[in-house]
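The structure appears below as structure tokens.
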Amino acid sequence: MQNRTLLASAVLAMATLASAPATAQDNKFKIGLILPMTGQQATTGRQIEAAARLYMAQNGDTVAGKKIELIVKDDTSVPDVTKRLAQEMVVNDKVNVLAGFGITPSALATAPIATQSKTPQVVMAAATSSITEASPYIVRTSFTLPQAAVALADWAPKNGIKKVVTLVSDYGPGIDAEKYFKERLTFNGGQVTEALRVPLRNPDFAPFLQKVRDLKPDALFVFVPSGAGAAVMKQFLERGMDKAGIKLIGTGDVTDDDQLNDMGDGALGVVTSHHYSTAHPSPLNKKFVEAFGKANKGMRPNFMAVGGYDGMRVIYEALKATKGNGGGDALLAAMKGQIFESPRGPMFIDAQTRDVVQNIYLRKVEKKDGQLYNVEFDVIKDVKDPGKAK
Ligand code: DHB
């Protein structure tokens, strides 16, 4: 009798032991945040990690009874590394959501893992139109290049810019920017006289800019990824392109708020189109910028930060809506259709495309209180990704 009791309690103890880690696991909700923290795209990682941590500090780390755990890994923006990290996070860490993705090739490399494991993949940075089509588990909170580029191609010919040379980084988002800017400008009676592409890795803009100077267009349209804008601006000014009467225009990546203030007065007057400016004049954004700066030694949030912040919002709200009980499919369903006010302005996640719909602003670099800002002067409301219609 005593033996049987002993045995029974031993079995019970074993069962408890075996279930203990599972219970701990069940009470956790893991977000695998994969970002470039080093290398050419390091500012993207720094901005998004800071924004994600701010969101957690403001909204708590317990949601629907689950303890949120943020696991941050550096993919150095090498897609094979992104993919390996995503696989490890799904298999070993058993993350509930994959998030981050600083550049398009990293987002695309992870898509099959999201699909196979039915894990929502929240793209907070990468902005090539087609990304959301690479997996039904992808949701995007950044923007798309067609979204931004088309607005500028509508503005330019109405403002004396008819002949344009385009200069883009030679990969997904650059090719999107080039294509959609050109199509729309041509439709509006303008002309792209030359389309130049520079390598993504270690670009040397000098020979391209020399060519632009010789071509003498009304404007040079530029897309380079976040972090590369300052180099373009510097060389553009060094070559006296502005004095030769060539205007610099582009998507807001080129006057990235992370770098803008160090670009100098030569950047004054540059017109860009984008979804977020640090100077966006809403009370919510003012609070965001202030809190972000306070938590990060005065750092300005840029468009990457807002993609990360809103991505966390989408994850938190999905977890709330599913009451902490949902798997990947339920979480994904709760991400679709979310509509809310972001520091960028109103936005929503289109339930059909899982892509972001948002305002696109035309902005001009101006000086305020001794600092350079992208000051919004016009808005196109509720812009869907034009790439999805094709
Ligand atoms: C991408 C990266 C960027 O830094 C950016 O500003 C826009 C797009 C990308 O790789 O998709």
Is it true that some residue in the range 209-227 is within 16 Å of the ligand (Cβ to nearest atom) and surrounded by fewer than 21 Cβ atoms within 10 Å (Cβ to Cβ)?
no
In the range 133-186, how many residues are within 15 Å of the ligand (Cβ to nearest atom), in a strand (DSSP E or B) and not β-branched (Val, Ile, Thr)?
3
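Give the number of residues within the range 133-161 that are touching a Pro at 6+ places or on another chain (Cβ under 9 Å) and open to solvent by 10 Å² or more (accessible area, probe 1.4 Å).
At the first step, the residues of the range 133-161 found to be touching a Pro at 6+ places or on another chain (Cβ under 9 Å) are 134-135, 137-139, 144-147, 149-150, 161.
Subsequent filtering for residues that are open to solvent by 10 Å² or more (accessible area, probe 1.4 Å) retains 134, 137, 150.
Total satisfying the criteria: 3.
For the range 337-363, which positions are open to solvent by 80 Å² or more (accessible area, probe 1.4 Å), assigned to a strand (DSSP E or B) and not acidic (Asp, Glu)?
Looking only at the range 337-363, we keep the residues that are open to solvent by 80 Å² or more (accessible area, probe 1.4 Å), and these are 339, 341, 352.
The next check asks that each one be assigned to a strand (DSSP E or B); those that pass are 339, 341.
Once the filter is applied, which keeps residues that are open to solvent by 80 Å² or more (accessible area, probe 1.4 Å), assigned to a strand (DSSP E or B) and not acidic (Asp, Glu), the range 337-363 yields only ILE339.
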Sole miss for ALA64 among (1) within 16 Å of the ligand (Cβ to nearest atom); (2) open to solvent by 10 Å² or more (accessible area, probe 1.4 Å) is condition (1)
If you go through the range 116-132 one residue at a time, how many are touching a Pro at 6+ places or on another chain (Cβ under 7 Å) and of a type outside the set (A, V, I, L, M, F, W, C)?
2
Does the range 246-266 contain at least one residue that is part of a helix (DSSP H, G or I) and within 12 Å of the ligand (Cβ to nearest atom)?
no
For residues in the range 172-205 being open to solvent by less than 20 Å² (accessible area, probe 1.4 Å) and small (Gly, Ala, Ser), which is farthest from the chain's Cα centre (by Cα)?
GLY190
Anything in the range 261-289 that is farther than 17 Å from VAL379 by Cβ, open to solvent by less than 20 Å² (accessible area, probe 1.4 Å) and of a type outside the set (Val, Ile, Thr)? List them, or say none.
ALA267, PHE288
Residue by residue through the range 75-111, note down the ones that are farther than 22 Å from LEU145 by Cα, within 16 Å of the ligand (Cβ to nearest atom), open to solvent by 10 Å² or more (accessible area, probe 1.4 Å) and not in a helix (DSSP H, G or I).
THR76
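Would you mention how many residues in the range 211-230 are of a type outside the set (Gly, Ala, Ser) and closer than 30 Å to LEU35 by Cα?
Start the filter on the range 211-230 by keeping residues that are of a type outside the set (Gly, Ala, Ser), which leaves 211-218, 220-225.
So of that shortlist, the ones also closer than 30 Å to LEU35 by Cα come out as 221-225.
Looking only at that region, the number is 5.
The values are calculated or read from the model by the stated rules, or taken from the named source; none is laboratory data. Bear in mind that the values here come from a model prediction, so they are computed numbers and not experimental data. Cβ sites come from the backbone with ideal geometry, for glycine too, and all protein chains shown count toward neighbours. For the accessible areas, the whole protein counts, side chains as well, though only heavy atoms, and no ligand, DNA or RNA atoms are used. Shrake-Rupley method; radii C 1.70, N 1.55, O 1.52, S 1.80 Å.
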